[in-house]
Amino acid sequence: CCGKGAWYSKIHSIYLYSGVPELMKLDPVLNEGVYVYTETTQPGKLTVDYIGLFKEKEAWTVILREENAISAGLAYNFRAAWITLSAEILLDQQGVTAAFSNVLNNCGISCNVIAASRHDHIFVPYERAEEALAAIRKLEI
C-alpha cells in the first residue's frame, strides 16, 4: 500500500526502542478463507464451528467462516481476512499491536485484533488482505 516513508521511520524507531528486538520477526501468515463477525445471545445453541467467541454486555460476538455463518442463517456485516502473527508473542509484550496497527492505519486499512495466549490475530477487510500482509511484512528486519 504505502512505501517506506516518514511514517515507517517513526514506527520502526518505536519498534526498535521498545527494548524487545525479537518483535521485528512477526512472521505474518494469511489464513485461508473469509471470516465474519456476528452476534448471538445463546452461544450454546451454535451448530457450526467458530474460531472466536467473546462475551460482551449485550451479546456474544462470534467469529467464524463466512460459509458457516451462511449455513447457520446468521446475519453478519464484516467480511474479513485473518492474519496470524506466527511469532510467539507474550501477552505482556509491549509495542507489537501499536506497530502493526499504526502501519495498517497509515495505509488506510482497519484492523480488529485478538491477542491469544501465543499469537496475535488480525482481522482486516477481506478485499485488502494482501495489501495488509505486505504492510505488516515491511516491519520485519
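The values are calculated or read from the model by the stated rules, or taken from the named source; none is laboratory data. Everything quoted here is computed from the prediction, not taken from an experiment. Glycine also receives a Cβ, built like all others from the backbone with ideal geometry; neighbour counts cover every protein chain displayed. Accessible surface areas use protein heavy atoms only, side chains included; no ligands, DNA or RNA. Shrake-Rupley method; radii C 1.70, N 1.55, O 1.52, S 1.80 Å.
The table for this structure:
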{"quantity": "Count of residues meeting criterion [more than 14 Å from the chain's Cα centre (by Cα) and closer than 18 Å to THR40 by Cβ] in the range 69-114", "calculated": "9"}
{"quantity": "Filtered residues of the range 94-106 (kept if closer than 21 Å to TYR35 by Cα and either in contact with a helix residue (DSSP H, G or I) (Cβ under 6 Å, 6 or more places away or on another chain) or open to solvent by less than 60 Å² (accessible area, probe 1.4 Å) (or both))", "calculated": "PHE100, SER101, LEU104"}
{"quantity": "Every residue from the range 116-129 that is of a type in the set (Asp, Glu) and either within 13 Å of the chain's Cα centre (by Cα) or open to solvent by less than 50 Å² (accessible area, probe 1.4 Å) (or both)", "calculated": "ASP120"}
{"quantity": "Residue among LEU85, LEU64 that alone is surrounded by 16 or more Cβ atoms within 10 Å (Cβ to Cβ), hydrophobic (A, V, I, L, M, F, W, C) and within 27 Å of LYS25 (Cα to Cα)", "calculated": "LEU85"}
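For (1) modelled with pLDDT of 90 or more; (2) surrounded by 11 or more Cβ atoms within 10 Å (Cβ to Cβ), each residue gets a yes or a no:
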position	(1), (2)
TYR8	no, yes
THR41	yes, no
LYS45	yes, no
ASP49	yes, no
LYS55	yes, no
TRP60	yes, yes
ALA72	yes, yes
ALA80	yes, yes
ASP92	no, no
